[in-house]
1. Taking a temperature of 10 °C and a viscosity of 1.306 mPa s, what whole-number D in µm²/s does Stokes-Einstein yield for the chain with Rh from Kirkwood over alpha carbon pairs?
2. Would you grab the residues whose amide H sits under 5 Å from the one on ILE57? Only those 5+ places off in sequence or on another chain, please, with H modelled 1.01 Å from N.
3. Can you give the FRET efficiency to the nearest 0.05 for SER147 and GLU211, using r as the Cβ-Cβ distance and R₀ = 22 Å?
4. Consider a paramagnetic label point 7 Å from the Cα of LYS126 along Cα→Cβ; state which residues of segment 137-155 have an amide N under 13 Å from it.
5. Under a crude label model (7 Å from the Cα following the beta-carbon direction), how far is HIS157 from ILE76 in nanometres?
6. Taking the Cα centre as origin and putting +1 on Lys and Arg beta-carbons and -1 on Asp and Glu beta-carbons, what dipole magnitude results for the chain, to the nearest 20 debye?
7. Could you estimate the translational diffusion coefficient of segment 53-105 from the Stokes-Einstein equation, with Rh from the Kirkwood formula over C-alpha pairs, at 4 °C and 1.567 mPa s, in whole µm²/s?
8. Could you put ILE56, ILE263, ILE42, ILE67 in order, starting from the residue whose Cβ has the fewest other Cβ atoms within 10 Å?
Amino acid sequence: MEKSVQQDLLNKAFSIKKRFLGMYKAANAGHVGCSLSVAEIITFVRFNWMKDNDEIILSKGHAAAAIYSMLAEEGILSEDDIKTFYKNNTYLAAHPPVNKIKRVPFATGSLGHGLSIAAGLGLAQKLKKSDKKVFCITSDGEINEGSTWEAALFIAHHNLKNVVWLMDRNRLQGFGLTEDVMKLEPLDKKLEAFGFNVIIAEGHNFASLEEAKNKAAKSDIPTAIICNTTKGRSWKLYEGKLDSHYLPMKDDHYDVILADVEIDYNNQISKL
Ligand SMILES: Cc1ncc(C[n+]2csc(CCOP(=O)(O)OP(=O)(O)O)c2C)c(N)n1
Ligand SMILES: [Mg+2]
């Protein structure tokens, strides 16, 4: 992957993170760690993979701030829109609403439904012989939902290669480790048995995501990318910890997290 492309993606991800940190601060809201976990995946899909007409479904709707910030990054939302996050009468609710915002065609947040939505969209595109792709970003905790497995069966059965499933595999869910709450491993083997081309990627690393993208392009069956991530990535105090999920952002947290995120960004830039 070219250095300039990586640099551009790092800049975009940093800008997206700065914006959503400001949103969480203004709203005194939680889910900071959930957005930090998925920020690079969203950045990569939107700015280095999907075409303008493709669909992106953020099934883990509690990371809505990350998708709103991405939409501001590409100019679909304005910085004034962003200021309404969490406020009364806003469309920029804690979870994405249905049909109010460009690129957000469905409401998500009730976990376990995004992949079914992607499957339906994928089949519709296949029947129309369209080359439109559908990118679905799920969490790992929501793999506990039976509906996800039903969607997986459906995608494999209809060989919906136009659906790309990226899983934010941070190994934590709402109340503990995924392996303690309801064991998922060996996840790659389970997904392979369901009929997927399974790729394991580093979800905070653009070169690794690029490798996954190239492997997906060569597959004759649908792809599921298990993206290894860290909840609360860069936020030193709570990185990899459950508290990064619900802890509401307080004003004094903001400066610390922003500084941590900036250190991580500078480190990554210096390694290019
Ligand atoms: C069906 C459903 N059950 C419960 C919740 C409440 N909830 C919000 S986030 C979350 C768990 C988050 O863990 P995970 O799904 O792995 O997301 P991530 O780690 O990526 O933040 C839960 C249980 C929900 N939104 N939907
Ligand atoms: Mg998780």
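Quick note: the coordinates plus some simple rules give every number you see, no bench work behind them. Being a predicted model, the structure only gives us computed values, none of them experimental. Every residue, glycine as well, gets a Cβ built from its backbone with ideal geometry; the counts of neighbours run over all protein chains shown.
1. Values: Rh = 18.5 Å.
Stokes-Einstein gives a translational diffusion coefficient of 86 µm²/s.
2. For ILE57, the qualifying residues are PHE135, CYS136, ILE137.
3. Plugging the Cβ-Cβ distance into 1/(1 + (r/R0)^6) gives 0.15.
4. Within reach of a label on LYS126: 151-155.
5. According to this spin-label approximation, the distance is 3.0 nm.
6. Details: 34 positive and 34 negative charges, 122 e Å.
Rounded to the nearest 20 debye, it is 580 debye.
7. Values: Rh = 11.1 Å.
Answer from the Stokes-Einstein relation: 116 µm²/s.
8. Fewest-to-most ranking of ILE56, ILE263, ILE42, ILE67: ILE263, ILE56, ILE42, ILE67.
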